[in-house]
1. Identify, by number, the condition in (1) in contact with a strand residue (DSSP E or B) (Cβ under 8 Å, 6 or more places away or on another chain); (2) more than 19 Å from Gln251 (Cα to Cα); (3) within 14 Å of ligand 2 (Cβ to nearest atom); (4) open to solvent by 30 Å² or more (accessible area, probe 1.4 Å) that Glu453 doesn't meet.
2. Somewhere in segment 168-177, is a residue open to solvent by less than 80 Å² (accessible area, probe 1.4 Å), outside any loop (DSSP other than H, G, I, E, B), of a type in the set (Phe, Trp, Tyr) and in contact (Cβ under 8 Å) with a residue 40 or more places away in the chain?
3. Would you check if there is a residue in segment 103-126 being surrounded by 13 or more Cβ atoms within 10 Å (Cβ to Cβ), touching a Pro at 6+ places or on another chain (Cβ under 8 Å), not in a loop (DSSP other than H, G, I, E, B) and not acidic (Asp, Glu)?
4. Tell me the residue from Ile152, Ile204 that is in contact with a strand residue (DSSP E or B) (Cβ under 9 Å, 6 or more places away or on another chain), at negative phi and either surrounded by 15 or more Cβ atoms within 10 Å (Cβ to Cβ) or not basic (Lys, Arg) (or both), please.
5. If you go through segment 405-425 one residue at a time, how many are more than 10 Å from ligand 1 (Cβ to nearest atom) and of a type in the set (Ser, Thr, Tyr)?
6. Go through segment 359-379 and report how many residues are more than 14 Å from ligand 2 (Cβ to nearest atom) and more than 20 Å from Leu312 (Cα to Cα).
7. Considering only residues that are open to solvent by 60 Å² or more (accessible area, probe 1.4 Å) and over 60 Å from the mean Cα position of the chain (by Cα), which ones fall in segment 127-149?
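The values are calculated or read from the model by the stated rules, or taken from the named source; none is laboratory data. Quick caveat: nothing in here was measured; it's all calculated off a predicted structure. Here Cβ is always computed from backbone atoms with ideal geometry, including for glycine, and neighbour counts include all displayed protein chains. To get the accessible areas, we keep the full protein, side chains included, count just its heavy atoms, and leave off ligands, DNA and RNA. Shrake-Rupley method; radii C 1.70, N 1.55, O 1.52, S 1.80 Å.
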Amino acid sequence: MNKLFISIRWKLVSTYLLLVLLTLFTIDGLINAALTDYMLAEKNNNLLSQGAILADQIAPSLSVSNKKNNKNYIEQTLKSYSININARVLLLNNKGTVISDSYDNYNGADLNYIKAVQNALAGSSSAKLYFFDDVGQTIYACIPVNQAGEIIGALLISASPNDIYERINTILGDFYGLSVLVIAITLVFSFLLTDIFSKPILEITNVVKNVSSGKQIDEITIYSNDELGVLADSTNLMIARLTAIDDVRKQFVSNVSHELRTPITSLKIIAQTMLESPPQEVGIYQEFMADINGELDRLNDIIDTLLNLTNLEQEQSELALSATSLDQLIEQCIKTLKPIAHKKNINIYYHNRADVIVEIDVIRIRQCLINLVGNAVKYNHAGGKVDVYLSNNRENAIIKIKDTGIGIPEKDIPHIFDRFYRVDSARARSTGGSGLGLAIVHQIVALHGGTIELQSKVNTGSEFTMCLPLRRN
Ligand SMILES: Nc1ncnc2c1ncn2[C@@H]1O[C@H](COP(=O)(O)OP(=O)(O)O)[C@@H](O)[C@H]1O
Ligand SMILES: [Mg+2]
C-alpha cells in the first residue's frame, strides 16, 4: 500500500475527519428533528387561531334562516380563506355533514367518522399531522363553530406540511454548504497539525536508523514533555549507553592486545638475541629457555584469567553453592599468603567477630579473598600491615580487608573494578599482575548477589568491604 496512507499522519487525519463527520451528522439530525417539531407546532397553532377567527366570522350566517344567500356568502368566505392560508377549508353542520367545501367535491359528505370532527362537535379544537396512503402527510385542524353558547357546527381545515419541509431543506442546504467548508478546513488543518506528531517520530526513527547502521550518532533534539519527549529522552539515554558499551569494547580489545604484546615482545627479543649471538654454552641457552618459559607462563596466565572472567560475565558458569564457614575460608587464604607477606615483612591480622556460615561457591570466593588480600600485600609498604575483619548484620556477611599501603587516588576509584585497569601501569607492571583481579572479584561478588566497595587514601591505605547476602532469593 502507498506509504502515505499507512502513515501516522494519515491515520490522524482520518480520525479527525471521522470525528468531524460524526459531529456534523449529529448536528444535522438534531436540527432536522427540532425544526420539524417546532415548525409543525407553529403551523398547527396558526391553523387553529385562523380557524377560530373564521369560525367566529361564519357562525352568524350558519344559524340564520335565509339559507340561500348565506350559502353563497359561506362559500365565498371559505374559498377566499382557503386561498389565503393555502389550505382546504370545510364547514360541517352539527351532525358532521359537509355544508361547504372550498374544493367543492366533498359537499354533502358525512365526515362524522373522523375523530377530530367528533372532538370539535363535542367542543374541543385539535390540530394534528396524519398520514394517508393516497395523499401522504396532511394536517387536520378542527374547530367548533359556536353561536350563543351552542355548538352549531365545525370547521375542518386540511393543510399540507410540505411548505415546512421545503423551508427546513433550505436551512439544511445552507448547513451542508457550511459542512463542506468545515470538512475542507479540518483536512487542511489536521494535515498541518499532525506534523507535530509525525515530525518527532520521523526524527527519532532517523537517528535510530543511523545508530543501527553505524553512522554518526546525533542527539535527538525534541523539546516537549509529552510522551514523545519522553521517548526521545529514553532513546538518547539508550544511544548514550550503547556508545559507552562500544567504547568499553574498543578499550577492552586494545587492552588485551597490549597485555599480550608485552610477553610476546620479550619472547621476540630473547629469540633474536639467541639467533644473532655466536654459539654459546649450553648453560646460557638454558637461561634463555628459562626466560622463555617465564614469559610463556605469563601469557598463559593472562589468557586463563581472561577466559575465567569472560565465562563469569557470560554467566555460563553456574555457581556451585554450599554452606561454608567464612571464618575457616579466611584463615586458609591468610595462611596461603603469609609466606609472600613475610618476604615484605608485612603482618596479616585476622579479627573475627562472628563465625558466619554462608551459601557460596567456595572456589570462587576463595579466589576473591586471595585477590583482595594479595593486593593488600602487593600494594603495601615493606613493614606494613593488613587487617582482615569478619562480621555480619541481619542481611549480610561483611568482610573488610584493610591495608596500610600506597592507597588509590580518588580519580581512579570509580574505574578500579574495570578490566585491565591499573592505577599506574608502569608501577603495576613492575609488581606483575594483569589488572584483571578486581574485575573478577567484582563479577564473582555480583554473581553471589553481593556488593563490594572501596575506601582509599593515597599513602594511608585502602579498605575493601565485601558484603555477601546471608540468604539468597
Ligand atoms: N590494596 C590496594 N592498594 C592500592 N592499590 C590497589 C590495591 N588493590 C588494587 N590496587 C590497584 O588496582 C589495580 C587493579 O588491581 P587488580 O585488578 O587486582 O590488578 P593487578 O593486581 O593484577 O594489577 C592495581 O594495579 C593497583 O593499581
Ligand atoms: Mg591483583
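1. Looking at each condition in turn, Glu453 falls short on (3).
2. Here is the first cut: in segment 168-177, the residues open to solvent by less than 80 Å² (accessible area, probe 1.4 Å) are 168, 171-173, 175, 177.
Cutting the leftovers down to outside any loop (DSSP other than H, G, I, E, B) gives us 168, 171-173, 175, 177.
Subsequent filtering for residues that are of a type in the set (Phe, Trp, Tyr) retains 175.
Retained after the next criterion (residues that are in contact (Cβ under 8 Å) with a residue 40 or more places away in the chain): 175.
Yes: segment 168-177 contains one or more residues that are open to solvent by less than 80 Å² (accessible area, probe 1.4 Å), outside any loop (DSSP other than H, G, I, E, B), of a type in the set (Phe, Trp, Tyr) and in contact (Cβ under 8 Å) with a residue 40 or more places away in the chain.
3. Yes.
4. On the way: Ile204 fails: in contact with a strand residue (DSSP E or B) (Cβ under 9 Å, 6 or more places away or on another chain).
Criteria check complete, one pass: Ile152.
5. Kept after step one, since they are more than 10 Å from ligand 1 (Cβ to nearest atom), are these residues of segment 405-425: 410-411, 414.
From the residues that got through so far, the ones that are of a type in the set (Ser, Thr, Tyr) too are none.
Number satisfying all stated conditions: 0.
6. Pass one, segment 359-379, residues more than 14 Å from ligand 2 (Cβ to nearest atom): 359-366.
Checking which are more than 20 Å from Leu312 (Cα to Cα) leaves us with none.
Residues flagged as more than 14 Å from ligand 2 (Cβ to nearest atom) and more than 20 Å from Leu312 (Cα to Cα) within segment 359-379 amount to 0.
7. Going through segment 127-149, the residues open to solvent by 60 Å² or more (accessible area, probe 1.4 Å) turn out to be 128, 130-135, 137, 146-149.
Hits for segment 127-149 are Phe132, Asp133, Asp134, Val135, Asn146, Gln147, Ala148, Gly149.
So that you can scan it fast, the table gives a plain yes or no per residue for (1) in a helix (DSSP H, G or I); (2) over 32 Å from the mean Cα position of the chain (by Cα); (3) modelled with pLDDT of 90 or more; (4) not β-branched (Val, Ile, Thr):
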residue	(1), (2), (3), (4)
Ile27	yes, yes, yes, no
Leu30	yes, yes, yes, yes
Met39	yes, yes, yes, yes
Asn46	yes, yes, yes, yes
Gln50	yes, yes, yes, yes
Ala55	yes, yes, yes, yes
Leu62	yes, yes, no, yes
Ile83	yes, yes, yes, no
